[in-house]
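Report on the structure given below.
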Amino acid sequence: MSTADVVVIGAGLAGLTAAIRVAESGARVHVLAKGHAATHWGPGGIDVAGIPAASTPRDGIRRLAGEPGHPYAFLGDDVAAALEWIRPHLAAGGVEYLGDLDTPLGLVPTSIGGTRRAAILPAGQAAALAPWAVGERLIICGIRGFKDFWPEAIAASLARERIWEGGNRPTSVTAVSVVLPGLAPRHNLNALTIAGRFDDPAWRATAIEAIARAVGSVPGSGGRVALPAVLGIREHAAILAALQKRLPAAPFEMPLVPPSVPGIRLYTALRAAVIRAGGRVQIGEMIERVEHDGRRVTAVVSAAAVRTYTVRTGALVLATGGIAGGGLVAERDGRLLEPLLGLTVEAPPADDWLLVDAFDPAGHPLELAGIRTDAELRPVAADGASLFDNVRVAGSLLAGQRYVRDRCGDGVALTSGWRAARSLTAVPAGHAAEPGSERP
Amino acid sequence: MGDSHAYDVLVVGGGATGAGVLRDLARRGLRTLLIERDDFGTGTTGRYHGLLHSGGRYVAKDALAARECIAENRILRRIAPASIEDTGGYFVATPDDPDDYVDGFQAACAAADVDCEEIPVADAFRAEPALNPRIRRVFRLPDGSVEPWQLIESNVADARAHGSDAWTYQRLVGMERDGGRIVSATLRDERSGSVTRITPRFVVSCAGAWSGQIAAMVDVTVTMHPGKGTMLIFNQRMTDTVVNRCHKSSDGDIMVPVHTVAILGTTEQRVEDPDRYEITRDEVAALIREGEKLFPDLGRMRLLRAYAGVRPLYQPPAEVTAAAMKDGRQISRAHTVIDHDAMDGVENFVTIVGGKLTTFRRMAEDTVDLVCAKLGVTEPCTTADAILPNQVPGKTYWLGHRLAEHEAEGGGDADLLCECEFVTRPMLDDFLDRHPGCSIDDVRRGTRIGMGPCQGGFCTFRAAGLVGERARRVGAADVAESADRAILGFLRERFKGTRPIAAGRQLQEQWMISGVYEGGLGVRSLIEHETPEASREVVDVHR
Amino acid sequence: MTIAELIFDAQEEAVGYSSDECLKCNVCVTVCPVARVTDLFPGPKYVGPQAQRFRTGRAQPVQVPGTPFALSPDLTVDYCSGCGWCTTACPAGVKIAEMNSQSRARMKAGKRPKLRDWGLGQTDLVGQMGVLVSPITNRVLFNGPIRTIMEWTVGIHRDAPFPRFGKRTFQSTWKRRQKRLGSRPLPGPDKAVVYFHGCSANYYEQHVAAAAIAILKRNGFETIIPEQVCCGLPMISNALYGDARKKARKNIDALVGYARQGYRIIGTSTSCTHTIKAEYHEMLDVKDDDATVVANATWDICEFLLDLHEQGKLDTRFGRLDEDLPYHAPCQLRSHGIGLPAMELFALVPGLRAADMDHDCCGIAGTYGMKKEKYPIGMAVGAPLFDKIRASGAAEAACDSETCRWQIEKATGTRTRHPIEILLQAYRVADAAGGATPGPLSGAGTRAP
């Protein structure tokens, strides 16, 4: 048994953002989550609106806000504020983010030899974004024996004009491989193991020299070096600085398949911010039920050995994720459920969930599924009536967004988490468990 | 393609039957060429549930077929042990199965020479705890499961050792007929587009459900009735034993453990075009409902994908049966060798249709007997006696072997490129060495890469990366294009298999993988918009 | 039944089938303390849901060279410490650690256990003998050359933490005391609780038992201590399931009568209490009615005290402890799913600056870190924790689990105590200042702090 002013379910970008802001207001916040998910899977950037038509994130927000039912319709105006608010929190956790809503969306190369649109990136990836000068080279530097990064294949792919949509691109793309100390005979290295090695100052000094030698072996000068995203966790900033200093070309990280090191850095920084602000983060909590008294949630009950663990709460932020995160569960019979509160899920009929081609540009109708809310993020029924007074929904659980395809998931998560916290902490004092006033 | 295209026989179709016919012809001294429009085993052979029949499923309705199955079952265990898992089979009487069938089952097995032993139900429940506790009787029969691709490879290897050959990605685009003879055949390389003309003395069509299309090239009519069979792949083996319902065979009444998964079969539905069909959610639901009679918890077990195969069903006209019986030997109704000399006046053309994978060798023997008779060859068939290449007598497949081998090396002496199916970098390198120019999809059939729960999410780009690295080494030009095809093609095919079963964890998995690829990896940028990939309505095979 | 319901239900499902839930997402790999420091362990995803797909009831038809000719092809799973972080962090509810424990048992089932694994499992036997000749054993266990010989012969690392044996068992002390006091009527379940002391308080740390009794008395509870044996966890960790089941049975039989009358069973070892709560059922398949009743009645002592506090029944008149107190939450505590009750209790003590060290695992993981080949792994796993504790400069630290305390003490030189010892100290400070509250039991066998 425990007591909180606000319980946040879900420890992704939306949930942790909400928790930081609630905790900062002086309220007691507990984050309960089953495990880690989207943060550990994603590339660790803050994608706000990476749609092809948009020139900048701000332009993208405007376009998406115009689409029927998109959460940016009511969140769009707050994205800038939320972003500027989170930036120092992340920086305090050792991850600096560069770019803002007016940074032009550019193409950054990826670890399967493709490109993706981005504007707001962690410092470790940001060097990929600048326009390529005439004659500028790109060196893809792999690590011998690391099975999640194949420099030859990446280079071969990125050498093609069409991958860059026919636009600005490096003049040459070259692959090199570096043997890092002690890693060459190793097998089944994962990004995290290598990142752990980089955190060790002695090891990293040798490693950086080896990388410098490999990069130096490529004829020419200047340009940029793409490395797999394994450049440390705790000491990332120092590693990046050392590389920038030592290499003849500007280094940047390419995110990989999970486990995502940049994603873990983001998670670690967010979690640290919650704890610094006085909140709690408990992972491994299998929520059994959410208790409510009419329109007010009163407690969150999770499974424990033989008994349950109850957190009494004055309010709830539901940030359990979409289909990937497990916040929505698809039944065999074609129903889509929100299992914790049984909220109304807005979804197409099952026969229309998925189109035939995985990459159909129209987008699968199921991508839009989620929970519909009012502008205060309170969940609503099919008829638009609000269901709970002290519940806020945040993140990819929100209906109406194609969070992967339109690259808007991070922007929606950040802004809805931020807004959910504001909405809850701004409720006038009166109810014992609800915190008093909003802090600027 | 070599200097001389002077082949005695051209075999069309690289499924199990074609490979068996190739091997038999080669062993009887006929220089033979097998052609396949895709990779080996991409048609019906690769799209079935993987059962090595004991014959038990046929004892009641077709004793001859049953007799043929058990005979071939015994032969295959001897000549191709590595391709077979000796799972054994149960025929179980659920409350839904009629008493008279169950009561007569043992006698019917005995009549067809099929080994059958009734065992205490308690023994069956101990061995397979997931079985329906309401099962009242259990018979044990020598069912097993077969790895079809390895079986084909072995047959082809044996044929090559006997001076014959097999070409993949060669489509038969036409045959020239001069009166009562086929005088030449034209092939097109599906990848380079180059065209080859060959002049065989004889043509054997082993094109299964596609036989009508081949025969039509020389104005011969073979009317096939392609029957679609849908199967579901479960993520884990809820049984180590093949389990059949003890009743007249029907939909959703068999579960076959194959490698790391278990496959629930099957349905029967006529389709017009063997290349175009769809699997619906309703079909999936109906299969699961039936399957729950065998394993009540089936509805809660994770499905990986649904797929379908097209049975080469053929109802022989009366005159065909008569013609086939001319030599005094009765041919089972299970398969039919069509002599187009007798039927259609094309003297050097034979089509083999019907049948099942278990009896592929026997089908080949019957076919080759006829071809040899026509070509005046008197060599006897030796395919039942000679063990296939790369097989060790008695060493049947064991599920634990990949884990065991990896563990014996301390769990880390090789990079696992496919973590679900334990496919290592050396395994992949070895396969690529032996199959130059193959596609990632061929690698999948050869190694099972990408066949586990993540359906290629974590391994396809690794395989593409390795292919890229190797290609760079030899200076190949289209490294990037082939990597694109690999990654996009694989993700598309896996997606198609998920579509009819989209629910629960497998949909979540699909969503996570698309998130990774469409997000941080930017997979869409690989799509070449000028030439959108043809999206056939066919789900890919998967076991 | 819906898939959504099933996902909750999966908690009750067979451990092996929980690999159906696996998304292959590698989150487990990111939190594994062992994989972080050694290559000998290929990680929880590999030995768990991946390897699970290749495990079969069928024997090898022809032996794969280098593997035991048995059902199980597993070898590397032995390097799993069983800390359970993988299960905790998994977003899909796969019971990875439990799966590994079962595979380890299966791997060892066909083989005679190593003498060492058997010895580390037999805490009762070792404890009884150790206490019997404690001056000798203590000398032996703290003697360098002899520890070297132990490492060679039975494979317990020479530097592994080992507790000092008490002069006699806590049980015998308690019995003598009860004899001295004579028979008294048993108070009702609202006035008394059953105490499950476990092996460590019985053989090594009688001061913890004494503190428990004192704290309970302070809050109005008499202590009932029935005959009991080792909970069985050391046997489970060393894959001796048969022996563990026997222990489980004995304990259930000893405790069920009290549990049925409504007495709560309080333990001071988070490992023992979790074993009774969950592992009898999950790992040993002991799931009859008696087992359930006993499990449901079992509480960790801090969980119990916090529950009293929630009901307003905890004596919160703690004296001031003006100190920094680094706190390590043991892995087993996390498996209880009760949050960090010790931290909540520390918050009630004026002046006490308790700080959660926020580190996953100290490396000992029961008996894992004592083994010769795993000792360096354990020390590497715990290194950041040790650094933090040393850096804190605190005079003492706190932790709920005995083996973790020994490990931390050994590695850092910082005295490490059970949270209730800290709380008891706070009560004593209050008593010394204010006077008249009844003093705690001055138990024989209490080690001078």
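The values are calculated or read from the model by the stated rules, or taken from the named source; none is laboratory data. Every value quoted in this text rests on a predicted model; they were computed, and no experiment measured them. Every residue, glycine among them, receives a Cβ derived from its backbone with ideal geometry; neighbour counts consider all protein chains shown. SASA here: full protein model, heavy atoms, side chains in, ligands and nucleic acids out. Shrake-Rupley method; radii C 1.70, N 1.55, O 1.52, S 1.80 Å.
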**Q.** Test for C:Gly337: is it crowded, with 24+ Cβ neighbours inside 10 Å and touching a Phe, Trp or Tyr at 6+ places or on another chain (Cβ under 7 Å)
**A.** no
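Yes/no per residue for (1) closer than 30 Å to A:Trp150 by Cα; (2) surrounded by 24 or more Cβ atoms within 10 Å (Cβ to Cβ); (3) touching a residue at least 40 places away in the same chain (Cβ under 8 Å):
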site	(1), (2), (3)
A:Gly220	yes, no, yes
A:Ala229	yes, yes, yes
A:Pro248	yes, no, no
A:Ala299	no, no, no
Q) Of the residues in segment C:275-302, how many are in contact with a Gly (Cβ under 9 Å, 6 or more places away or on another chain) and assigned to a helix (DSSP H, G or I)? A) 6
Q: Given the conditions (1) more than 8 Å from chain C (Cβ to nearest Cβ); (2) at pLDDT 85 or above; (3) touching a Pro at 6+ places or on another chain (Cβ under 8 Å), report the number of the one that B:Thr396 does not fulfil.
A: (1)
Q: Output the qualifying pairs, or none if there are none: Cβ atoms under 7 angstrom, residues six or more apart or on different chains, first residue in segment B:451-473 and buried (at least 24 other Cβ atoms within 10 Å of the Cβ), second residue of a type in the set (Gly, Ala, Ser) and outside any helix (DSSP H, G or I).
A: B:Gly456/B:Gly450; B:Cys459/B:Gly450; B:Thr460/B:Gly450
Q) If you check B:Asp415 against the conditions, is it under 19 Å from C:Thr76 (Cβ atoms), in the same structural domain as B:Val479 (by TED's automatic domain parsing) and free of Cβ contacts under 8 Å to residues at least 60 places away in the same chain? A) yes
Q: Could you grab the pairs with beta carbons closer than 6 Å, sequence gap of 6+ or different chains, first residue in segment A:129-143 and without any contact (Cβ under 8 Å) to a residue 24 or more places away in the chain, second one crowded, with 20+ Cβ neighbours inside 10 Å?
A: none
Q) Is it the case that segment A:314-333 has a residue that's among the small types (Gly, Ala, Ser), touching a Gly at 6+ places or on another chain (Cβ under 8 Å), open to solvent by less than 30 Å² (accessible area, probe 1.4 Å) and on the phi > 0 side of the Ramachandran plot? A) yes
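Yes/no matrix, rows are residues, columns are (1) within 14 Å of chain B (Cβ to nearest Cβ); (2) surrounded by fewer than 24 Cβ atoms within 10 Å (Cβ to Cβ):
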site	(1), (2)
A:Ala14	no, no
A:Pro43	yes, no
A:Pro52	yes, yes
A:Thr56	no, yes
A:Tyr72	no, no
(Q) Tally up the residues in segment A:100-125 that are within 19 Å of A:Leu247 (Cβ to Cβ) and open to solvent by 20 Å² or more (accessible area, probe 1.4 Å), please. (A) 1
Q.
Can you report the number of residues in segment A:255-276 which are within 13 Å of chain B (Cβ to nearest Cβ) and open to solvent by 20 Å² or more (accessible area, probe 1.4 Å)?
A. 0
Q) Picking from C:Gly339, C:Gly369, which residue would you name as being modelled with pLDDT under 95 and outside any loop (DSSP other than H, G, I, E, B)? A) C:Gly369
Q) What about B:Glu493, is it of a type outside the set (A, V, I, L, M, F, W, C), closer than 21 Å to A:Arg162 by Cβ and more than 7 Å from every other protein chain (Cβ to nearest Cβ)? A) no
(Q) Can you find a residue that is part of a helix (DSSP H, G or I) and buried (at least 22 other Cβ atoms within 10 Å of the Cβ) anywhere in segment B:51-66? (A) yes
**Q.** Qualifying residues in segment A:169-218 (those that are touching a residue at least 60 places away in the same chain (Cβ under 8 Å) and over 27 Å from the mean Cα position of the chain (by Cα)) - the one surrounded by the fewest Cβ atoms within 10 Å (Cβ to Cβ)
**A.** A:Val218
(Q) Please count how many residues of segment B:70-120 are closer than 21 Å to B:Lys293 by Cα, aliphatic (A, V, I, L, M) and buried (at least 17 other Cβ atoms within 10 Å of the Cβ). (A) 3
**Q.** Residue among B:Ala166, B:Ala159 that is closer than 26 Å to B:Ala216 by Cβ, touching a helix residue (DSSP H, G or I) at 6+ places or on another chain (Cβ under 6 Å), surrounded by 17 or more Cβ atoms within 10 Å (Cβ to Cβ) and modelled with pLDDT of 95 or more
**A.** B:Ala166
Q.
Just to be sure I understand the filter: pairs with C-beta atoms under 8 Å, separated by 6 or more residues or on different chains, first member in segment B:115-141 and within 14 Å of chain C (Cβ to nearest Cβ) and on the phi < 0 side of the Ramachandran plot, second member open to solvent by 30 Å² or more (accessible area, probe 1.4 Å) and not β-branched (Val, Ile, Thr). Which pairs pass?
A. B:Phe125/B:Pro133; B:Ala127/C:Gly57; B:Ala130/B:Asp297; B:Leu131/B:Phe125
Q.
Can you confirm whether A:Thr310 is more than 9 Å from every other protein chain (Cβ to nearest Cβ) and not in a loop (DSSP other than H, G, I, E, B)?
A. yes
Q: Collect the residues in segment C:372-405 that are open to solvent by 40 Å² or more (accessible area, probe 1.4 Å) and either on the phi > 0 side of the Ramachandran plot or within 17 Å of the chain's Cα centre (by Cα) (or both), keeping them in residue-number order.
A: C:Gly393
Q: Give just the number: which of (1) away from every other protein chain (no Cβ under 12 Å); (2) in a helix (DSSP H, G or I) does A:Arg197 not satisfy?
A: (1)
**Q.** Complete set of residues in segment B:244-292 that are open to solvent by 50 Å² or more (accessible area, probe 1.4 Å) and within 14 Å of chain C (Cβ to nearest Cβ)
**A.** B:Glu292
Q | Matching helices (runs of 4 or more DSSP H) fully within segment B:360-450 where at least 1 residues are buried (at least 20 other Cβ atoms within 10 Å of the Cβ) and among the hydroxyl-bearing types (Ser, Thr, Tyr) | A | B:360-375, B:440-447
Q: Return yes when B:Arg505 is basic (Lys, Arg), more than 7 Å from every other protein chain (Cβ to nearest Cβ) and part of a helix (DSSP H, G or I) and no when it is not.
A: no
